[in-house]
1. Within the stretch 242-300, can you find the residues that are within 16 Å of residue 78 (Cβ to Cβ) and basic (Lys, Arg)?
2. Can you pull out every residue in the stretch 249-268 that is open to solvent by 40 Å² or more (accessible area, probe 1.4 Å), out of contact with any strand residue (DSSP E or B) (no Cβ under 9 Å at 6 or more places or on another chain) and in contact (Cβ under 8 Å) with a residue 12 or more places away in the chain?
3. For the stretch 288-327, give me each residue that is out of contact with any His (no Cβ under 8 Å at 6 or more places or on another chain) and assigned to a helix (DSSP H, G or I).
4. Within the stretch 226-243, does at least one residue satisfy the condition of being part of a loop (DSSP other than H, G, I, E, B) and touching a strand residue (DSSP E or B) at 6+ places or on another chain (Cβ under 8 Å)?
5. Of the residues 111, 99, only one is outside any helix (DSSP H, G or I) and buried (at least 17 other Cβ atoms within 10 Å of the Cβ); which?
6. What number of residues within the stretch 67-96 satisfy the criterion of being assigned to a helix (DSSP H, G or I) and either open to solvent by 50 Å² or more (accessible area, probe 1.4 Å) or farther than 24 Å from residue 270 by Cα (or both)?
7. Determine if the stretch 313-323 includes at least one residue that is in contact with a helix residue (DSSP H, G or I) (Cβ under 7 Å, 6 or more places away or on another chain), within 17 Å of residue 220 (Cα to Cα), open to solvent by 20 Å² or more (accessible area, probe 1.4 Å) and of a type in the set (Gly, Ala, Ser).
8. Considering only residues that are among the polar types (S, T, N, Q) and modelled with pLDDT under 95, look in the stretch 217-248 and name the one that is surrounded by the fewest Cβ atoms within 10 Å (Cβ to Cβ).
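The values are calculated or read from the model by the stated rules, or taken from the named source; none is laboratory data. Remember, it's a predicted structure, so these values are computed and weren't measured experimentally. As a convention, Cβ positions derive from the backbone with ideal geometry for all residues, glycine included, and neighbour counts pool all protein chains shown. Areas reflect the complete protein model, heavy atoms only, side chains present, ligands, DNA and RNA absent. Shrake-Rupley method; radii C 1.70, N 1.55, O 1.52, S 1.80 Å.
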Amino acid sequence: MAVPRSCVLRTYCGRSWLRLMRTGGPQWLHSSLPGGLLGARLLSQEKQATETHFGFETVSEEEKGGKVYQVFESVAKKYDVMNDMMSLGIHRVWKDMLLWKMNPLPGTQLLDVAGGTGDIAFRFLNYVQAQHQRKQKRQLKAQQNLSWEEIAKKYKNEEDPLGGSHVMICDINREMLKVGKKKAFDQGYKAGLAWVLGDAEELPFDDHKFDVYTIAFGIRNVTHIDQALQEAHRVLKPGGRFLCLEFSQVNNPLISRLYDLYSFQVIPVLGEVIAGDWKSYQYLVESIRKFPSQEEFKEMIEDAGFQKVTYESLTSGIVAIHSGFKL
């Protein structure tokens with residue numbers, strides 16, 4: 001879909017001005033302020049703008065992207081096994097609840113970001129296929145006068161068991177995508193899904209393309225969360241829905257203490273024993289503590305342009321599902 005020229009112009013001008021300011025600003029602005037004052041302020045702002053966190057460590061924004069990539073490249077092959085071990089299998093229930101909340105109908109076009117291993121995508125395909133089969137049975141029951149031959153013919157002529165539904169799996173990490181593709185092949189998923197290498201902060205899709213956007217346990221690893229949310233809003237159709245499943249803030253003091261003990265004392269050890277990687281799982285634990293609370297993240301989603309934003313805390317707030325609509 002073509003972008004309006006006015007939007008392009010504003011974006012271009014805004015980016016040009018930002019680049020200009022990062023290089024020290026226009027000459028006329030230097031001459032209008034006390035010597036060195038502007039330069040000092042700009043350097044301070046630039047330092048603040050380019051620093052972020054990698055777990056509890058402070059790093060540059062460019063450095064974080066590479067570090068996060070290395071983490072998931074390292075854990076990709078053991079990612080699903082570690083999810084089961086770390087959560088005692090509860091992550092499966094959380095993901096099921098995400099699909100129940102989505103309640104997709106046949107024909108839904110889903111974008112699953114940071115979904116490399118396919119957990120959400122496969123659940124989506126199973127769900128819409130079951131929905132389509134139920135719809136088909138209801139239609140056949142409503143036509144009681146059909147002969148057995150006509151009923152058999154209707155089933156035989158059914159070319160798309162998903163009713164036109166499709167899921168696009170987008171992940172920035174090649175190794176995660178490789179694992180997902182292998183799982184899809186092994187489990188017999190062929191129709192209705194595609195795999196794309198892409199960045200959540202700069203999605204390789206046109207505006208207004210998808211009905212639903214999901215991201216499960218991925219957005220906390222993004223360098224610029226606000227930018228990823230804006231991209232989610234951009235690619236959704238009017239009326240489209242944003243759904244995010246992510247670790248959040250535990251709301252029970254006793255459970256919070258036990259959760260911290262388990263997270264910092266047990267999970268990195270499991271990472272070392274099962275995946276041979278202590279550091280990656282130490283980062284994953286730390287990244288959860290740096291992620292905004294339920295209310296703070298809700299405000300960020302609203303700032304990106306979404307409306308009717310709500311959230312539901314699961315398992316005492318260990319995770320939360322946030323939902324918003326592009327209206």
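1. Scanning the stretch 242-300 gives a single hit, 279.
2. Once the filter is applied, which keeps residues that are open to solvent by 40 Å² or more (accessible area, probe 1.4 Å), out of contact with any strand residue (DSSP E or B) (no Cβ under 9 Å at 6 or more places or on another chain) and in contact (Cβ under 8 Å) with a residue 12 or more places away in the chain, the stretch 249-268 yields 252, 255, 264.
3. 288, 289, 295, 296, 299, 300, 302, 303, 315, 316, 317
4. No.
5. 111
6. 13
7. Checked against the condition, which is being in contact with a helix residue (DSSP H, G or I) (Cβ under 7 Å, 6 or more places away or on another chain), within 17 Å of residue 220 (Cα to Cα), open to solvent by 20 Å² or more (accessible area, probe 1.4 Å) and of a type in the set (Gly, Ala, Ser), the stretch 313-323 yields at least one hit.
8. 223
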